[in-house]
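K.L.:
Dropping the structure in here first, questions after.
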Amino acid sequence: MDGALVRSAGRGDTTAFEALYRRHSSRVHGTILRLVGGHAGRAEDLTQEAFVRCWQALPGYRFESAFTTWLHRLAVNTALMELRARKSRPQASEDEDAFDQLGTPDSAGHGTALTMDLERAVATLPPRARAVLVLHDVEGWKHEEIAAELGMAVGSSKAQLHRARGLLRTRLGGSHDA
C-alpha cells in the first residue's frame, strides 16, 4: 500500500509524502514520545526532524525492508541521537519542559488513568532502561537489535529490560513477577 507513495515521494512528489506523513506520523510520534520520557515538545520536534530525514533519505530507500520498519528505525535513531547529545550537554532548566509533564490525551481526545500512570512511570525510568523497554516491549525489537543500536551487550539489554520492568512494577504498585 505504501509502495507507490514511497516511490512517488522518493521522486520528489510532496503530495505523496504528505500522505505518508498523515498515515505514519501518529505512531512515530508515540514511539518518540516514549523514548524521550513523555516530553511532548521534544517529541514534536523530533517527529518533525525524523520526517525531514525521511524526506531526504527517500530517494535512496531500497525496499529491502517494509517502509514502516525503515521509517520507525529512522525515527528511533533520531530520538536516540538526541538523547545521546542531551546526555553530553549540561542539564537544561527543569521548567523548560514543564508543560511537557502534563498528561497527553489519547487519539480519542481523552486518556485513561491507567494509561497516564503507565506513561508517567515509563517517563521516570533511567534513559537506557526506558529505551530498551520501549524498543523491546512497544516496538518489538529483538535484544540483538537493541544491543547493536544502543552500543551495549545483549546481556546488558536483557538486564536493562528486567530493571525497567521491575521499576515499573514498583512505581505502579504491583508486586507480582512478570
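K.L.:
In segment 36-90, which chymotrypsin sites (Phe, Trp or Tyr not before Pro) are in a loop and have at most 13 other Cβ atoms within 10 Å, using DSSP for the loop call?
P.N.:
Phe63
K.L.:
Which value, in Å³ per residue, describes the convex hull spanned by the Cα atoms of segment 112-178?
P.N.:
81
K.L.:
If you keep only loop residues by DSSP, which GluC sites (Glu not before Pro) in segment 1-76 have at most 15 other Cβ atoms within 10 Å of their Cβ?
P.N.:
For GluC sites (Glu not before Pro) across segment 1-76 that sit outside H, G, I, E and B with at most 15 neighbouring Cβ atoms in 10 Å, the list reads Glu64.
Taken together, the values in this text are just the output of simple stated rules run on the coordinates, not laboratory data. Small disclaimer: the values here were computed from a predicted structure and weren't measured. Glycine gets a Cβ as well: all are built from the backbone with ideal geometry, and neighbour counts include every protein chain shown.
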